[in-house]
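The values are calculated or read from the model by the stated rules, or taken from the named source; none is laboratory data. A quick note: this is a predicted structure, and the numbers were derived from the prediction, not measured. For neighbour counting, all protein chains shown are included, and Cβ atoms are generated from backbone atoms with ideal geometry for every residue, glycine included. Accessible surface areas use protein heavy atoms only, side chains included; no ligands, DNA or RNA. Shrake-Rupley method; radii C 1.70, N 1.55, O 1.52, S 1.80 Å.
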Amino acid sequence: MAYARVATVEQTVESQKNAIVDFAKNEGLSIDKFYEVHGSTEHSKATLADALGYMVHSGINKLVALDPSRISRNVDQLINIEKEFIDQGKEIVYV
């Protein structure tokens with residue numbers, strides 16, 4: 001599974017998607033689903049919660065993102081999000 005987030009209308013997820021797909025291919029990972037967020041971190045948190053729920057129910061173990069800043073701009077929030085994934089036996093992998 002993969003996740004891309006852009007915060008402004010000037011940004012696009014395409015470059016993130018391309019980097020994630022290349023990384024996954026090099027690591028022998030397949031991407032079954034791609035989550036995209038355009039906008040705020042509040043929307044991002046809800047989407048990540050949806051992604052984690054999907055991962056738990058579908059048996060997917062890794063979420064690939066470009067870098068930690070795509071998950072959260074706040075370090076404390078990033079740590080909490082990563083902990084939620086770890087508590088469910090899931091992992092966030094960064095390109």
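The table below gives the values:
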{"read-out": "Any pair with Cβ under 7 angstrom, 6 or more apart, that starts in the stretch 61-85 at a residue that is in contact (Cβ under 8 Å) with a residue 12 or more places away in the chain and under 17 Å from A51 (Cβ atoms) and ends at one that is charged (D, E, K, R) and not in a helix (DSSP H, G or I)", "value": "N61/K90; N61/E91; K62/E91; L63/K90; R70/R5; F85/E91"}
{"read-out": "Residues located in the stretch 7-30, provided they are assigned to a helix (DSSP H, G or I) and open to solvent by less than 70 Å² (accessible area, probe 1.4 Å)", "value": "Q16, K17, A19, I20, V21, F23, A24"}
{"read-out": "Residue count for the stretch 31-57, restricted to those that are closer than 13 Å to M1 by Cβ and either part of a helix (DSSP H, G or I) or over 14 Å from the mean Cα position of the chain (by Cα) (or both)", "value": "10"}
{"read-out": "The stretch 66-95, subset assigned to a loop (DSSP other than H, G, I, E, B) and of a type outside the set (A, V, I, L, M), residue least open to solvent (accessible area, probe 1.4 Å)", "value": "S72"}
